[in-house]
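Since the structure comes first, as C-alpha cells, the remarks are kept for the end.
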Amino acid sequence: MGTIATRLRRAGVFVAGVAACVATLSACSSTSTLSNASVSVCYRAIPVGRSSLHTSQARLVGVHELPLDKVRLYLPPAEKERLAAEDDTEICAMAFSGSFKPGQVQLAPAGESGRIAIVLVTERRLRLVAAAVIAKVPRGLGGRSL
C-alpha cells in the first residue's frame with residue numbers, strides 16, 4: 001500500500017488522464033458521429049457503474065466510450081493488472097454526481113470524498129475496473145452523454 005497522500009496523487013493522475021482522454025476525444029468528434037452500437041454498449045454498462053456506488057442519491061451526469069489503450073496509460077498498477085485479462089479495445093467512463101463519502105464508491109482510493117464519482121467499466125464483460133471521487137466533473141465528461 002502507500003500513504004494516503006500517495007494514493008490521492010495516483011487518483012489525481014488517473015482522473016486527469018481520463019479527463020484528458022475525454023477532452024481530446026470530444027474535441028475531435030461530435031455526438032452526431034457516434035454509432036448506435038457504441039451507445040448501446042456503454043448504456044449496458046450503466047447498471048454496473050451505478051452498483052459500484054453505495055448510495056441511492058447519485059445522478060448520472062455523463063457516459064463516454066474511450067479507447068482502452070489511451071486510458072490504460074493513466075491507470076495505477078492495480079487497475080492495469082485488472083485489465084490484463086480483458087480483450088476490450090474500448091472502455092466506458094461514467095460520471096455520477098452526488099455527495100460521496102469515503103468508502104461509498106467501490107475501487108475508489110480510501111479516504112476520497114467529493115461531489116463527483118468517475119467510474120470505468122469494460123464494454124464486453126461489463127466489469128468495474130477503476131473509480132475515483134473528485135470535487136467537480138472533468139471538462140468534457142459531463143458535457144456530453146452517449
*Those residues that are within 12 Å of LEU128 (Cα to Cα) and assigned to a helix (DSSP H, G or I), I need them from the range 39-71; list them, please.*
ALA45, ILE46, PRO47, VAL48, GLY49, ARG50, SER51
*Listed residues VAL137, VAL71, VAL39, VAL121; which is modelled with pLDDT of 90 or more and β-branched (Val, Ile, Thr)?*
VAL121
*With the condition kept exactly as written, say whether any residue in the range 73-92 is touching a Cys at 6+ places or on another chain (Cβ under 7 Å), crowded, with 17+ Cβ neighbours inside 10 Å and not charged (D, E, K, R).*
yes
*Within the range 60-75, is even one residue in contact with a helix residue (DSSP H, G or I) (Cβ under 6 Å, 6 or more places away or on another chain), more than 17 Å from LEU126 (Cα to Cα), of a type in the set (Lys, Arg) and in contact (Cβ under 8 Å) with a residue 12 or more places away in the chain?*
yes
_Within the range 112-139, tally of residues that are over 16 Å from PRO76 (Cβ atoms) and either part of a strand (DSSP E or B) or among the aromatic types (Phe, Trp, Tyr) (or both)_ = 6
*Which of the residues belonging to the range 101-130 are surrounded by 15 or more Cβ atoms within 10 Å (Cβ to Cβ), farther than 15 Å from ARG82 by Cβ, in contact (Cβ under 8 Å) with a residue 24 or more places away in the chain and of a type outside the set (A, V, I, L, M, F, W, C)?*
GLN104, GLU112
_Can you list residue pairs whose Cβ atoms sit under 9 Å apart, with the first residue in the range 45-56 being modelled with pLDDT of 95 or more and the second being of a type in the set (Phe, Trp, Tyr)? Count only pairs 6 or more apart in sequence or on different chains._
GLY49/PHE96; ARG50/PHE96; LEU53/PHE96; LEU53/PHE100
_Selection from the range 72-104 of residues that are among the hydrophobic types (A, V, I, L, M, F, W, C) and not in a helix (DSSP H, G or I)_ = LEU73, LEU75, ALA84, ALA85, ILE91, CYS92, ALA93, MET94, ALA95, PHE96, PHE100
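The values are calculated or read from the model by the stated rules, or taken from the named source; none is laboratory data. As the structure is a prediction and not an experimental result, all values here were calculated from the model. Note that each Cβ is placed from the backbone with ideal geometry, even for glycine, and that neighbours are counted across all protein chains shown.
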